[in-house]
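This report refers to the structure that appears directly beneath it.
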Amino acid sequence: MAMGKRMGKGMILSIESSCDDSSISITDIATKKLLYHKKISQELEHSKYGGVVPELASRLHALALPAILEECKPWFDQLKAIAVTNEPGLAVTLIEGVVMAKALSISLNIPILPINHLKGHIYSLFIGKEAQFPMTVLLVSGGHTQVIEVTSHDVMNTVATTMDDSYGESFDKVAKMMGLGYPGGPLIEKLALLGDASRFLFTVPLWQSPLIAFSYSGLKNQVRLSVESSCVEDYPHIASAFQKTATDHLIQKLKKYFKSYKPERFAIVGGASANLYLRAEIDNLLSPYKAPLLLAPLEFCSDNAAMIGRCAVEEYVRGNFVNYDEIVVNPRCKL
Ligand code: KG4
Ligand code: ZN
């Protein structure tokens with residue numbers, strides 16, 4: 001239901017539940033300012049399983065989302081729309097946010113703005129400010145590893161993607177092999193600081209292939225063999241060598257891509273964009289191109305409703321509303 005272009009006074013309440021973070025935000029439409037944001041992470045609950053258990057995540061959203069919503073009541077009479085992540089993500093967790101959005105849409109008599117989670121990550125760069133385009137975006141999260149050419153809000157083209165696991169997911173799996181817990185990214189990054197990357201040699205995925213694509217399942221298996229044949233004292237060295245190889249793979253493919261496409265502006269988004277080793281390597285890669293590197297504040301790298309709210313302002317001004325009976329959940333949708 002497109003209702004034409006509109007600016008407006010008022011606010012948008014946004015809900016994010018695509019994986020294991022329950023989050024709600026309130027964003028002012030005219031100024032794009034973030035007025036309220038809260039996120040309840042389920043990391044501890046999933047940690048003992050070494051990864052997200054979808055049904056457990058769904059039950060925890062059903063408890064956390066209403067508790068956060070209670071704090072948003074003072075804004076209810078100023079809300080103009082409810083934004084909700086409806087794609088991509090885990091079906092059983094996306095539905096928790098969508099059901100809440102439907103109930104709010106009916107009771108407050110306002111429309112829904114369905115938001116693509118990946119587009120949301122891109123807007124984590126622009127919370128409270130104007131967007132800057134064009135830019136080349138590296139999206140590295142638990143579910144995705146993609147290079148996206150972003151020309152404008154309405155023109156976003158994925159030019160490279162992973163053939164199997166994602167960058168963040170490979171950190172989660174390596175952490176699980178070492179019995180470190182979940183999420184693996186920050187744990188491996190920390191452990192890697194104590195290790196010497198030259199003590200283990202892993203092959204960079206697809207290094208001989210002309211493809212501009214990513215793959216992490218082979219590296220994961222190389223690491224598994226090393227973990228199984230090593231003692232715990234070697235884990236920091238393995239973590240360090242793994243992080244280096246996983247990142248070298250991104251850098252090598254980006255270098256190849258830049259041969260035919262010079263970046264004007266470059267951004268890293270998604271949960272794994274918090275990795276400081278990755279940030280430093282990308283910074284080095286960009287220096288000959290003089291392309292500025294855009295990064296989201298650390299608190300908005302992983303899943304959150306603040307980025308969904310910022311993206312929702314763009315959908316609002318375009319009038320991309322749906323009624324409560326029109327919204328659908330697309331777990332596997334891309335950009
Ligand atoms: O964007 P996000 O919160 O959720 C998805 O949309 O998937 O990303 C979560 C992923 C997890 O795989 C987590 O291990 C990874 O981001 N991650 C990191 C770091 N912090 C989070 N990976 C590498 N290094 C980090 N510092
Ligand atoms: Zn995400």
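Just a few scattered comments:
- When K32 is tested against the conditions (1) modelled with pLDDT of 95 or more; (2) of a type in the set (K, R); (3) on the phi < 0 side of the Ramachandran plot, the lone failure is (3).
- On inspection, I238 does not qualify as open to solvent by less than 20 Å² (accessible area, probe 1.4 Å), touching a helix residue (DSSP H, G or I) at 6+ places or on another chain (Cβ under 6 Å) and not assigned by TED's automatic domain parsing to the domain that holds G143.
- Members of the stretch 153-181 found to be in a helix (DSSP H, G or I), among the aliphatic types (A, V, I, L, M) and either buried (at least 23 other Cβ atoms within 10 Å of the Cβ) or within 16 Å of ligand 2 (Cβ to nearest atom) (or both), listed by number: V174, A175
- Of all residues in the stretch 117-127, one or more are basic (K, R), surrounded by 14 or more Cβ atoms within 10 Å (Cβ to Cβ) and within 16 Å of ligand 2 (Cβ to nearest atom).
- Residue match in the stretch 320-332 (condition: within 12 Å of ligand 1 (Cβ to nearest atom) and not in a helix (DSSP H, G or I)): no
- Residue within the stretch 188-200 that is within 20 Å of the chain's Cα centre (by Cα) and either within 16 Å of ligand 2 (Cβ to nearest atom) or over 30 Å from Q132 (Cβ atoms) (or both) present: yes
- Number of positions in the stretch 110-129 that are charged (D, E, K, R) and out of contact with any Cys (no Cβ under 6 Å at 6 or more places or on another chain): 1
- Members of the stretch 259-280 found to be away from ligand 1 (no atom under 12 Å from the Cβ) and closer than 18 Å to E189 by Cα, listed by number: A280
- I308 passes every criterion in (1) open to solvent by 20 Å² or more (accessible area, probe 1.4 Å); (2) within 22 Å of E149 (Cα to Cα); (3) β-branched (V, I, T) apart from (1).
Matching residues to (1) acidic (D, E); (2) surrounded by 17 or more Cβ atoms within 10 Å (Cβ to Cβ); (3) in the same structural domain as A101 (by TED's automatic domain parsing):
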site	(1), (2), (3)
T27	no, yes, yes
Y36	no, yes, yes
L44	no, no, yes
H61	no, yes, yes
E70	yes, no, yes
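- Matching residues in the stretch 259-278 - criterion: being in a helix (DSSP H, G or I) and in contact with a Phe, Trp or Tyr (Cβ under 7 Å, 6 or more places away or on another chain): A272
- Hey, E43 at pLDDT below 95, of a type in the set (D, E) and more than 24 Å from M163 (Cα to Cα) or not: yes
The values are calculated or read from the model by the stated rules, or taken from the named source; none is laboratory data. Because the structure is a prediction, the values reported are computed rather than measured. Virtual Cβ from ideal backbone geometry, glycine too; neighbours counted across all protein chains shown. Remember, those area values only see protein heavy atoms, side chains included, never the ligands or the DNA or RNA. Shrake-Rupley method; radii C 1.70, N 1.55, O 1.52, S 1.80 Å.
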